[in-house]
Amino acid sequence: MMALNVIQPGLMTTVQDFGRAGMRRYGVPLCGALDSGWLRLANALVGNAEETAGLEIHLTGPILEAEADGIRVAVVGPALVLAGPQGEQQPVAAWRSITLKRGDRIQVKSVTEGTVAYLAVAGGFDLPEVLGSRSTYVRARMGGLDGRPLAAGDRLVMASSAPASGLDLTMSAPSVDVDAPIRVVLGPQADHFTDDALRALEKETFHVGNETDRMGMRLSGPVLRHQSKDRAEIISEGVVPGVIQVPGNGQPILLLADSQTVGGYPKIATVISADLARVARSAPGAEIRFRAVTVEVAEDAAREVERDLRSRIAAVRPLAQGYDVALLYQGNLIGGVVDCKNPDNFPGHLETHLEEPSGGMRR
């Protein structure tokens, strides 16, 4: 069987797919990738179905070693990636696939912007589904690899035993406007808050707190005051990823993929689906601004995100002769310049001048 051995697991690396949609009525969180769009792009680079489970990587990633030739992987996200034989690993661009030989290692050394990157492997992982998904839900030890993050010594067996063939693939990295406000739809309990609180939600800046994980993030900023003490709580009702709850202290909590299914804090707004992945990738300390939009604007934004993803997947292309030309251009491809008629002439700095025709041009 083809497999990847986990040499180092990274800070928080879990198996994730699209999650357990339709299970919240049974008290089961959605789980799944914080950015399902990026997971789709990673799968496109290795020829998988879009919903195939991959690895979600937080801040620092794993070191994985190939057990066989022809294991194709792809890393998507702003990450520093190294690949190659042990002790000889070289930087490799993200947003492309890499075909590993037996004994090769791939390391996602760090996520350079935000917190999240994704790694997909051709054919996916040979892991059982739990309630229709392979996503890891750590709090319930459900799904993924024994319901937990990766650990050193784990063995990730591929679902396919066929070595990859053909050229590796690449795509252009999507541009992300990190300064753009996060769009929200107000409510459903916007009437529980003062007019000043609603204005502050849009006009003021919030910061992502250290108490942040896949369940949600606590934000610090202006106090979002309730209209009265008895409006600081509600009878528990359903919540979804993207909801912004505000407890009695007035500091918002933004729920993410592993969030609970019900809650008793008023919800001042909900992040639109088009912007949820962007805010979910934010690192502690990041600044966040919100802007209220209509449901119609939110729907149009969701359609635009889907069009962009489909366009990027359609534009996936082979690497030129197996080489990453963009990465080559980042380096100095000229090791030195000599005078072919006078090999001893190596001036130590770039010179260009013309001589008589008999002398030719010297650089």
| note | The residue from Ile71, Ile63, Ile57 that alone is at pLDDT 95 or above and surrounded by fewer than 22 Cβ atoms within 10 Å (Cβ to Cβ) is Ile63
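For every residue, the table says whether it meets (1) closer than 30 Å to Gly209 by Cα; (2) without any contact (Cβ under 8 Å) to a residue 24 or more places away in the chain; (3) over 22 Å from the mean Cα position of the chain (by Cα).
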| position | (1), (2), (3) |
| --- | --- |
| Pro85 | no, yes, yes |
| Ile106 | no, no, no |
| Gly123 | no, no, no |
| Leu156 | no, no, no |
| Ala159 | no, no, yes |
| message | With the requirement that a residue be part of a loop (DSSP other than H, G, I, E, B) and among the hydrophobic types (A, V, I, L, M, F, W, C), what does the range 148-170 give you? | response | Leu150, Ala151, Ala152, Ala159, Ala162, Ala164, Leu167
| Taking Val208, is it in a strand (DSSP E or B), over 28 Å from Val138 (Cα atoms) and β-branched (Val, Ile, Thr)? | no
| Does the range 318-339 contain at least one residue that is more than 30 Å from Gly250 (Cβ to Cβ) and at pLDDT 90 or above? | yes
| note | When every residue in the range 108-147 that is outside any loop (DSSP other than H, G, I, E, B) and small (Gly, Ala, Ser) is compared, the one surrounded by the most Cβ atoms within 10 Å (Cβ to Cβ) is Ala117
| field | Exclusive hit being among the aliphatic types (A, V, I, L, M), at negative phi and crowded, with 21+ Cβ neighbours inside 10 Å, set Leu198, Leu186, Leu224 | value | Leu224
| List, please: which pairs have Cβ atoms under 6 Å, are six or more places apart or on different chains, and start with a residue in the range 1-22 that is assigned by TED's automatic domain parsing to the domain that holds Glu65 and within 22 Å of Ser133 (Cβ to Cβ) and end with one that is acidic (Asp, Glu) and crowded, with 23+ Cβ neighbours inside 10 Å? | Thr14/Glu56; Gln16/Glu56
| query | Among the residues of the range 92-145, which ones are in contact with a strand residue (DSSP E or B) (Cβ under 9 Å, 6 or more places away or on another chain), of a type outside the set (Lys, Arg) and on the phi > 0 side of the Ramachandran plot? | reply | Trp95, Gly103, Gly123, Gly124, Leu131, Gly143, Gly144
| field | Residues being within 29 Å of Asp177 (Cβ to Cβ) and in a loop (DSSP other than H, G, I, E, B) - total across the range 54-84 | value | 5
| In the range 6-49, which residue that is in a strand (DSSP E or B) and out of contact with any Gly (no Cβ under 8 Å at 6 or more places or on another chain) is nearest to Ala79 (Cα to Cα)? | Met12
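The values are calculated or read from the model by the stated rules, or taken from the named source; none is laboratory data. No experiment lies behind these values; they were computed from the predicted model shown. Virtual Cβ from ideal backbone geometry, glycine too; neighbours counted across all protein chains shown.
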